[in-house]
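*Asks:* Following this message is one structure expressed as structure tokens.
The values are calculated or read from the model by the stated rules, or taken from the named source; none is laboratory data. Since we're looking at a predicted model, the values are computed, not measured. Every residue, glycine as well, gets a Cβ built from its backbone with ideal geometry; the counts of neighbours run over all protein chains shown.
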Amino acid sequence: MDWDTEVGRGREAVLGQAWGEAYDVLARADAVRPLHASDVELFAEAADMLGRCDDAVALLRRAYTAYAEAGAVGAALRCAYWLCKALAWGGEFAQSGAWLARARRLAATEPGCPECAYLLMLEAELHFRAGEPEQMLDTARRLAEAAAPRTDADLAAGTAMTLGLALVSNGQVAAGLAELDEAMVAVADRALSARCTGMIYCVVIGTCQELQELRRAQEWSEALAEWCAAQPEFTGAYRGLCRVHRVALLQLGGAWPDAVREARLACTQLTAGYGEQVAGGAFYQLAELHRLRGEFTEAEQAYRDTLQHGWDAQPGLALLRLVRGRRDAATAAIRRALAETTEPMRRARLLPAAVEILLAEGEQTEAEAARAADELAGIADAHGAVALRAMAAQAQGTVRLAEGAVGEALPLLREAGRLWRELEVPYEAARVGVSIGLACRALGDEDSAGWELDSARQVFERLGAAPDAARVGRLTGDAKDRHPTLSPRELEVVRLIARGRTNHAIAAELFLSEKTVARHVSNIFGKLDVTSRTAAAAYAFEHGLVERDTPA
């Protein structure tokens, strides 16, 4: 073979993102004669993009050593950055730290080297991982100063990404998003290496999702999908993490079969030796899809896998406990999760589930549910993201409906539905539609209730949301099928109505206020499609909810 020609082919394959060809060609050339350090670095990138992470680590070590021995400090530090990240992806944190220390010693021999900034990026990431936002921001600002003049495109984009994430972590959301957008401009210009492009996509989309900035996340996710489609051989750890983010957005957008397929691929890629530290996120997304589709056994196992990979399975696991009738376990789990979480945006992920679970417990936890909904509204006011506003309006409307304040609930619920439709999130829009239907029914507008519930049922059936579709079926079916939707407290009330108790007597027997009893009676009438206490009593006797007194 002509060695120079073969190496040239390998370089062209890297530029064309033909990773399999690049790897094979450079491997053949390297077997004939050792590659130069710059080509070893390209060889490492091809290995990384193919998911051959052990090979990538070995090649990056080799490139670092060759550069350092040749006095090319900047190039060596660049290799050190990707080497430390690759080791961390594989869970080799001690080795990653050792290589960072070695790189710092090398950087000290040439303190004016622009690529010393790569080490500051690593330092900022360590602060982020340790939950030290203030130290991260200080390091990111030093990074921004050290990275100028920005001759290295990867370093410039990585600096903007790191500063953006640091600002967001310190509550400076608008400024942080501006920096993240700056990093994405470099990605869009195709000025970066493939490994840097994948990293920035993952960080930016993940941050947007954390902030509930769904429009931004969806826009960048579509661009990521196109980029990935152009290089089908991209199967490394970053590809797995990219899939995790995409799964969440596919789920929100209603493409559940695609989301399930992507989630399974992400689980496979992230448990292949590198990426184990984020594999829990893939299993969590898979568990959520199983739960929503009514595949509860599969969901249970996926939540277990989530925990085994070091990720918290809440709020999904608590919602699974709720739908399977374990209300006490669900309530304990969501309370525990909230008690452990102080960061507002992370609490925002838990609070909608808390509202749903606490309302299911009945009157004794209604006030707690109302506080959770109000806290979510406060977070939405502070951050302003459309999805947060939708979540808050939905939670507050659901609480008002449970309290019997139907007139206050409807405007909130309609606003939530409008916002979810604007964001093209059909499942949540349909859930809001069910609440609107129940509100209409409570006001005696059965015709509107039927339209709302039927529309929601169609969405649930199209998505494959079996538990929600079944619930709506019960709400809209024959009266004989409806009593399972009565809450335990409503069953107690209807049994006492059947025994001829007045609201005052029921309140005394159940230790409730008369106002609360009146609300329960109104809800019962709506659910059973009756208009009088006599009709409710007849229903209770007909369906065996209470036995008729036997003459002595």
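*Asks:* In the range 255-281, how many residues are touching a Lys or Arg at 6+ places or on another chain (Cβ under 7 Å) and under 21 Å from Leu350 (Cα atoms)?
*Replies:* Within the range 255-281, residues that are touching a Lys or Arg at 6+ places or on another chain (Cβ under 7 Å) and under 21 Å from Leu350 (Cα atoms) number 0.
*Asks:* In the range 156-177, what count of residues is obtained for those that are under 18 Å from Gln212 (Cβ atoms), of a type in the set (A, V, I, L, M) and under 22 Å from the mean Cα position of the chain (by Cα)?
*Replies:* Number of matching residues: 6.
*Asks:* If you go through the range 240-257 one residue at a time, do you hit one that is surrounded by fewer than 23 Cβ atoms within 10 Å (Cβ to Cβ) and either among the charged types (D, E, K, R) or more than 27 Å from Ala430 (Cα to Cα) (or both)?
*Replies:* Among the residues of the range 240-257, not one is surrounded by fewer than 23 Cβ atoms within 10 Å (Cβ to Cβ) and either among the charged types (D, E, K, R) or more than 27 Å from Ala430 (Cα to Cα) (or both), which makes the answer no.
Yes or no, residue by residue, for (1) over 24 Å from Pro426 (Cα atoms); (2) surrounded by fewer than 17 Cβ atoms within 10 Å (Cβ to Cβ):
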{"position": "Thr331", "(1), (2)": "yes, no"}
{"position": "Glu343", "(1), (2)": "yes, yes"}
{"position": "Glu356", "(1), (2)": "no, no"}
{"position": "Ala373", "(1), (2)": "no, no"}
{"position": "Ala382", "(1), (2)": "yes, yes"}
{"position": "Met391", "(1), (2)": "no, no"}
{"position": "Arg400", "(1), (2)": "no, no"}
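*Asks:* Inspect all residues belonging to the range 433-441 and state whether any of them is more than 23 Å from the chain's Cα centre (by Cα) and of a type in the set (Lys, Arg).
*Replies:* Yes: the range 433-441 contains one or more residues that are more than 23 Å from the chain's Cα centre (by Cα) and of a type in the set (Lys, Arg).
*Asks:* Now, a different point. How many residues are of a type outside the set (D, E, K, R), more than 22 Å from Leu419 (Cα to Cα) and in contact (Cβ under 8 Å) with a residue 60 or more places away in the chain if we restrict to the range 200-237?
*Replies:* Summing the residues that are of a type outside the set (D, E, K, R), more than 22 Å from Leu419 (Cα to Cα) and in contact (Cβ under 8 Å) with a residue 60 or more places away in the chain in the range 200-237 gives 6.
*Asks:* Looking only at residues in the range 258-295 that are outside any helix (DSSP H, G or I) and of a type in the set (Ser, Thr, Tyr), which one is farthest from Ala430 (Cα to Cα)?
*Replies:* Result: Tyr274.
*Asks:* Still on this structure, I have one more. Across the range 184-196, what is the total count of residues that are among the β-branched types (Val, Ile, Thr) and surrounded by fewer than 21 Cβ atoms within 10 Å (Cβ to Cβ)?
*Replies:* Start the filter on the range 184-196 by keeping residues that are among the β-branched types (Val, Ile, Thr), which leaves 185, 187.
From what's left, surrounded by fewer than 21 Cβ atoms within 10 Å (Cβ to Cβ): 185.
Within the range 184-196, residues that are among the β-branched types (Val, Ile, Thr) and surrounded by fewer than 21 Cβ atoms within 10 Å (Cβ to Cβ) number 1.
*Asks:* If I ask for residues that are over 19 Å from Asp374 (Cβ atoms) and assigned to a loop (DSSP other than H, G, I, E, B), which ones from the range 312-358 would you list? Let's see the steps before the verdict.
*Replies:* Going residue by residue through the range 312-358, those that are over 19 Å from Asp374 (Cβ atoms) are 312-314, 316-330, 332-333, 336, 340.
Asp312, Ala313, Gln314, Arg324, Gly325, Arg326, listed by residue number.
*Asks:* Looking at (1) surrounded by 14 or more Cβ atoms within 10 Å (Cβ to Cβ); (2) farther than 18 Å from Leu401 by Cα; (3) modelled with pLDDT under 85; (4) among the polar types (S, T, N, Q), can you tell me which one Asn503 breaks?
*Replies:* Of (1) surrounded by 14 or more Cβ atoms within 10 Å (Cβ to Cβ); (2) farther than 18 Å from Leu401 by Cα; (3) modelled with pLDDT under 85; (4) among the polar types (S, T, N, Q), only one is false for Asn503: (3).
*Asks:* On the given criteria, is Ala178 among the small types (Gly, Ala, Ser), touching a residue at least 24 places away in the same chain (Cβ under 8 Å) and in a helix (DSSP H, G or I)?
*Replies:* Numbers: among the small types (Gly, Ala, Ser): yes; touching a residue at least 24 places away in the same chain (Cβ under 8 Å): no; in a helix (DSSP H, G or I): yes.
When the stated conditions are applied, Ala178 does not pass them.
*Asks:* Sort through Val25, Val32 and tell me the only one that's more than 38 Å from the chain's Cα centre (by Cα) and surrounded by 23 or more Cβ atoms within 10 Å (Cβ to Cβ). Reasoning before the result, please.
*Replies:* Values: Val32 fails: surrounded by 23 or more Cβ atoms within 10 Å (Cβ to Cβ).
None of the others qualify; the one that does is Val25.
*Asks:* Can I ask one more? In the range 89-109, is there at least one residue being outside any helix (DSSP H, G or I) and within 20 Å of Trp3 (Cβ to Cβ)?
*Replies:* Initially, the range 89-109 is screened for residues outside any helix (DSSP H, G or I), giving 90-92, 108-109.
Retained after the next criterion (residues that are within 20 Å of Trp3 (Cβ to Cβ)): none.
Checked the range 89-109: no residue is outside any helix (DSSP H, G or I) and within 20 Å of Trp3 (Cβ to Cβ).
*Asks:* One residue is enough: does the range 64-78 have a residue meeting the conditions touching a Pro at 6+ places or on another chain (Cβ under 8 Å) and either more than 19 Å from Glu276 (Cβ to Cβ) or in a helix (DSSP H, G or I) (or both)?
*Replies:* Our first condition is that a residue be touching a Pro at 6+ places or on another chain (Cβ under 8 Å); within the range 64-78, this holds for 74.
From what is left, the residues that are either more than 19 Å from Glu276 (Cβ to Cβ) or in a helix (DSSP H, G or I) (or both) are 74.
Checked against the condition, which is being touching a Pro at 6+ places or on another chain (Cβ under 8 Å) and either more than 19 Å from Glu276 (Cβ to Cβ) or in a helix (DSSP H, G or I) (or both), the range 64-78 yields at least one hit.
*Asks:* Filter the range 87-115 down to the residues that are under 17 Å from Ala37 (Cβ atoms) and not basic (Lys, Arg) and list them by number.
*Replies:* Kept after step one, since they are under 17 Å from Ala37 (Cβ atoms), are these residues of the range 87-115: 99, 102-103, 106, 110, 113, 115.
Passing the criteria: Trp99, Ala103, Leu106, Glu110, Cys113, Glu115.
*Asks:* In addition: Between Ala402, Ala372, Ala409, Ala416, which is more than 30 Å from Leu177 (Cβ to Cβ), in a helix (DSSP H, G or I), free of Cβ contacts under 8 Å to residues at least 40 places away in the same chain and not aromatic (Phe, Trp, Tyr)?
*Replies:* On the way: Ala402 fails: free of Cβ contacts under 8 Å to residues at least 40 places away in the same chain; Ala372 fails: more than 30 Å from Leu177 (Cβ to Cβ); Ala416 fails: more than 30 Å from Leu177 (Cβ to Cβ).
Exactly one residue qualifies, and that residue is Ala409.
*Asks:* Output the number of residues of the range 110-155 satisfying the condition of being outside any helix (DSSP H, G or I), within 18 Å of Val203 (Cα to Cα) and hydrophobic (A, V, I, L, M, F, W, C).
*Replies:* 1
*Asks:* Select from the range 15-54 the residues that are without any contact (Cβ under 8 Å) to a residue 24 or more places away in the chain, assigned to a helix (DSSP H, G or I) and within 30 Å of Cys242 (Cα to Cα) and list them in ascending order.
*Replies:* Passing the criteria: Leu15, Glu21, Asp24, Val25, Leu26, Ala27.
*Asks:* I'd like the full set of residues that are acidic (Asp, Glu) and either at pLDDT 90 or above or crowded, with 24+ Cβ neighbours inside 10 Å (or both), limited to the range 259-294. Give the steps one after another, and end with the answer.
*Replies:* Within the range 259-294, the first condition is being acidic (Asp, Glu), and the residues that meet it are 262, 276, 288.
If the condition is that a residue be acidic (Asp, Glu) and either at pLDDT 90 or above or crowded, with 24+ Cβ neighbours inside 10 Å (or both), then Glu262, Glu288 are the ones that fit.
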